[in-house]
Amino acid sequence: MKMKQSVKMAISAVCSNKMRSFLTMLGIIIGVLSVTLLISIVQGGTGSITDSMEELGGNQIIVTVTDSHKKLSYNELNTLKGTGGIKNVSPYLSGKTVAKAGGKSDDVTVCGITPAYQEVQGLDIASGRNIRELDQEEGLQVCIVGAGTAKELYGTTEVLGSSIRIDGYDYRIVGVLEEEDSSVMGSTNNSVYIPLVNAQRMLKQTAITNFYVTAEDETSLTQAQDTIDAYLLKKFGSEDSYSVLNMSNVIDMMNTVLDTLSVMLGGIAAISLLVGGIGIMNIMLVSVTERTKEIGIRKAIGAQRSDIIVQFLIESVFISLLGGIIGMLLSQGILSVLNLIFTDYYFAISLPVGMLALGFSIGVGVVFGIYPANKAAGLKPINALRFE
């Protein structure tokens, strides 16, 4: 019964001066808003990036030859297939160029690929076919185009059998890709895929400098990476000539970096919560002074020291908690607007972040309310009743 009465009295005291109470909790509102907003944005971005990477497959390895003097051929790479946990190898080469058709042009990314690229990277072909081994062996002038390029040049994606001109050569369209939304990993809408041998001629680069490797499964990833390391070290004689990254490690590194960023941003934003706590303590001390006579009367009619402490602590926690709730609601409102603007991401306050923010709000209310509560409880009834 005592607790219920203390809560009623505390809420009544807070509500009796609404403007002052609101200004007091403003620091908490801004603090919680900042903490939840920044952490949620980082978490939303992290989720989008890792989801995009995981779609490529957790059993994938990315290899780059960093020494321009070292040469690696397509035939040499093919010898790695089916050895030491390696399922497939897919070299690729890319560059910027202009595609033309019917008097129109489009800036595109031209990618030289082999048939294995489809399996490794998973091109979403809406109509037509993939690049075939015969296309690569014979250097046939065929291509797969992105939906954006097809629409730009022909006004439609129904372009199978049509031709586009790239670098002075006519390429017959044998496949059209599904239209994609833009994402952190980019899109294929304005890409043109041609046989690797043709891209090597076009970009005047015969050596393989980039290729993907897929392991038999995720359990074979380490074995496949060791196989590649051993092969390239034997061929090049130095680990400085190449880099080998597996997608699992890339995702782990990115998560570590973004988690650290979340903690740093959250820590910076949490400073405003502490400032808000100081504001609460200041107003509670003013409240103690204003209500000195009330405290004296309560003590005179039998209120215990603990009753006074509880009442003032409840007032402090109520202001802080209410500020935290308002801050979270404002944060979620802003995140909802961001979701409408950035449709490739999803931003929301996660349960752990929400609980942490509310817990911190309550903690601030308790910590910064203890001193005013103790000061109120320590007043002598006779002195309090004489106070003017």
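Summary table
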item	result
Cα convex hull of the chain - mean projected area over all directions, nm²	27.4
Convex hull of Cα atoms in the stretch 68-237, direction-averaged projection (nm²)	10.4
Given charges at beta-carbon only (K, R positive; D, E negative), |dipole| of the stretch 1-145 in Debye	1360
Rg(Cα) / (2.2 N^0.38 Å) computed for the stretch 204-352, rounded to two decimals	2.02
Considering only the stretch 68-237, percent of DSSP beta bridges that pair antiparallel, nearest 5	75
Reach of LYS293 by Cα under 20 Å, taken over lysines that are not fewer than 8 positions away in the same chain	LYS8, LYS375, LYS380
Under the span-like rule (Cα at least 24 Å along the axis, Kyte-Doolittle mean at least 0.0), DSSP H helices of the chain	18-56, 247-290, 305-341, 351-377
Cβ-based charge dipole, the stretch 165-306, positive-most Cα from GLN205, VAL176, SER287	SER287
The chain: relative contact order as a whole-number percent, Cα under 8 Å and 6+ apart	29
Residues of type lysines that LYS100 reaches as a straight line, Cα spacing below 18 Å, ignoring anything fewer than 8 places off in the same chain	LYS151
For the stretch 95-253, size of Cβ-based charge dipole, Lys and Arg +1, Asp and Glu -1, in debye	860
Under 5 Å, built H, 5+ apart or other chain: amide partners of VAL142	ARG172
Dipole magnitude of the stretch 54-126, debye to nearest 20 (Cβ charges: Lys/Arg +1, Asp/Glu -1, about Cα centre)	320
Dipole axis of the chain (+1 Lys, Arg; -1 Asp, Glu on Cβ), positive-most option in SER162, SER191, THR24	THR24
Euclidean distance between Cα centres, the stretch 65-124 to the stretch 204-281, Å	22
Choice from THR36, THR188, THR219 showing the highest fluctuation, given a GNM over the chain with Cα pairs closer than 10 Å	THR219
All lysines inside 30 Å of LYS81 as judged from Cα atoms, apart from same-chain residues fewer than 8 positions distant	LYS70, LYS71, LYS96, LYS204, LYS234, LYS235
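Every number here is computed from the coordinates shown, using simple stated rules; none is lab data. What you are looking at is a predicted structure, and each value in this text was computed from that prediction instead of being measured. Here the Cβ is made from the backbone with ideal geometry for all residues, glycine too, and neighbour counts use every protein chain on show.
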